[in-house]
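Notes for the one structure printed next.
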Amino acid sequence: YAKTCGRAQAQFYNQEISRSAKARVVLEQQLLNALENHGLSVFYQPILSVPHQTIASCEALVRWYHPTLGFLTPGDFLPLAYEVGLIAQLDLWVLERVCQDIQAARANKLSMPPVAVNLAADTIMDALLIDKVQHLLTRYSIKGHELEFEMIEDVIKGDSLALRHTLEQLVSMGINLSIDDFGTGYSSLLRLKSLPFTKLKIDRSFIQSLPDNQDDCAITLSVLGLAKGLGLAVVAEGVENSQQQDWLHQHDCHYVQGYKYHRPLAPYDFFMLLSAPAAKS
Ligand code: C2E
Ligand code: MG
Ligand code: MG
Ligand code: MG
């Protein structure tokens, strides 16, 4: 009896696995299709300067209106994109859409702040990245300083010459570089200092429990101190309430991003925000 039961169970699992494997293949195909047919979207979340809360920049965040699964956020499909090697193509797609939106904003006489685009390690390591970025800047008449690139610490973990060269070329094009989710990955302070970054983004996990959690206060303070010492700007991610805001302001954190101010907005809503008088600095 146990044997039959076991076999039945194994069969059940296999079915589940093959079903999910099949579902994955379908999803992968749909993602590729979305990439090729402009089926993804980019939302924009404002980054504000403290204390006046004017829009200093914004972050481009990818979204997918899936035909059957509905509105998907990166957590739903980026792991798959990484796994199947589509992440660099996705990042470049987002970058192109951002360039188009910057151009559209300009055509509508809106002053678009610099847009930060998230780049994965694969994207940074793409030997043709510089050419592709240059091509987009030219094609859409965009200056480097209209863009920023964000990357997580792990991207700079391996300090290769190629990486350094790529980053330096991006900077020479006028593109500012930020370290994203700072504090959650592995990067040596020495490397941080020697690579051409101008901004650190403190991960939401450290901001979340400010100012009650002593450890998070200590960590955030030390990041702020470090950044100051190295001459880097700091953005606090995931600010949701006034207590966090006040604490950050009090400790000289100059930029904030979070639901307290704005959720990531569809391009149209972001443009409306930019056209509102209060947005003007
Ligand atoms: P991230 O770069 O750290 O982006 C910030 C994330 O925090 C976004 O999640 C944003 O919606 C969310 N967030 C902002 N403020 C708050 C807040 O006050 N509370 C909470 N709970 N969340 C907040 P999202 O859009 O789901 O993106 C998740 C991650 O996916 C991003 O984290 C980034 O690592 C990655 N990602 C997004 N778009 C791209 C892309 O185009 N390319 C690549 N390679 N990665 C991307
Ligand atoms: Mg980011
Ligand atoms: Mg981040
Ligand atoms: Mg984060």
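The values are calculated or read from the model by the stated rules, or taken from the named source; none is laboratory data. Just so we're clear, the structure is a prediction, and the values are computed from it rather than from any experiment. Cβ coordinates were reconstructed from backbone atoms using ideal geometry, including for glycine residues, and neighbour counts include every protein chain displayed.
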Would you confirm whether or not the range 163-171 contains a residue that is closer than 16 Å to Cys253 by Cβ and within 16 Å of ligand 1 (Cβ to nearest atom)? no
List the strands (runs of 3 or more DSSP E) that sit entirely inside the range 1-84 and contain at least 1 residues that are charged (D, E, K, R) and at pLDDT 90 or above. 54-66
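Do you know which residues across the range 128-171 are small (Gly, Ala, Ser) and under 21 Å from Asp101 (Cα atoms)?
Once the filter is applied, which keeps residues that are small (Gly, Ala, Ser) and under 21 Å from Asp101 (Cα atoms), the range 128-171 yields Ser141, Gly144.
Might you check whether a residue that is of a type in the set (Lys, Arg), within 16 Å of ligand 3 (Cβ to nearest atom) and assigned to a loop (DSSP other than H, G, I, E, B) occurs anywhere in the range 261-272? First the steps, then the outcome.
First pass over the range 261-272, keeping only residues of a type in the set (Lys, Arg): 263.
Right, trim to within 16 Å of ligand 3 (Cβ to nearest atom) and you get 263.
Next, only the ones that are assigned to a loop (DSSP other than H, G, I, E, B) stay: 263.
Scanning the range 261-272 turns up at least one residue that is of a type in the set (Lys, Arg), within 16 Å of ligand 3 (Cβ to nearest atom) and assigned to a loop (DSSP other than H, G, I, E, B).
Could you tell me how many of the residues in the range 135-155 are more than 21 Å from Leu61 (Cα to Cα) and touching a helix residue (DSSP H, G or I) at 6+ places or on another chain (Cβ under 9 Å)? Walk me through it before giving the result.
Looking only at the range 135-155, we keep the residues that are more than 21 Å from Leu61 (Cα to Cα), and these are 135, 138-139, 141.
Subset that is touching a helix residue (DSSP H, G or I) at 6+ places or on another chain (Cβ under 9 Å): 139, 141.
Total satisfying the criteria: 2.
In the set Gly174, Gly158, Gly144, which member is more than 16 Å from ligand 1 (Cβ to nearest atom), on the phi > 0 side of the Ramachandran plot and not hydrophobic (A, V, I, L, M, F, W, C)? Spell out the reasoning first.
Values: Gly158 fails: on the phi > 0 side of the Ramachandran plot; Gly144 fails: on the phi > 0 side of the Ramachandran plot.
The match here is Gly174.
Before we move on, is Thr123 outside any loop (DSSP other than H, G, I, E, B) and within 16 Å of ligand 2 (Cβ to nearest atom)?
Details: outside any loop (DSSP other than H, G, I, E, B): yes; within 16 Å of ligand 2 (Cβ to nearest atom): yes.
Answer is yes for this residue.
A quick yes/no check of all residues on (1) free of Cβ contacts under 8 Å to residues at least 24 places away in the same chain; (2) within 16 Å of ligand 4 (Cβ to nearest atom):
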site: Glu168; (1), (2): no, no
site: Ile179; (1), (2): no, yes
site: Leu189; (1), (2): no, no
site: Leu210; (1), (2): no, yes
site: Gly225; (1), (2): yes, no
site: Leu232; (1), (2): no, no
site: Arg263; (1), (2): no, yes
site: Asp269; (1), (2): yes, no
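Filter the range 97-131 down to residues that are among the charged types (D, E, K, R), at negative phi and surrounded by fewer than 17 Cβ atoms within 10 Å (Cβ to Cβ), then give me how many there are. Working first, answer last.
To start, the set of residues in the range 97-131 that are among the charged types (D, E, K, R) comprises 97, 101, 106, 109, 122, 126, 131.
Next, only the ones that are at negative phi stay: 97, 101, 106, 122, 126, 131.
Retained after the next criterion (residues that are surrounded by fewer than 17 Cβ atoms within 10 Å (Cβ to Cβ)): 106, 131.
Residues that pass the stated criteria total 2.
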Would you mind stating whether Thr184 is assigned to a loop (DSSP other than H, G, I, E, B) and of a type in the set (Val, Ile, Thr)? yes
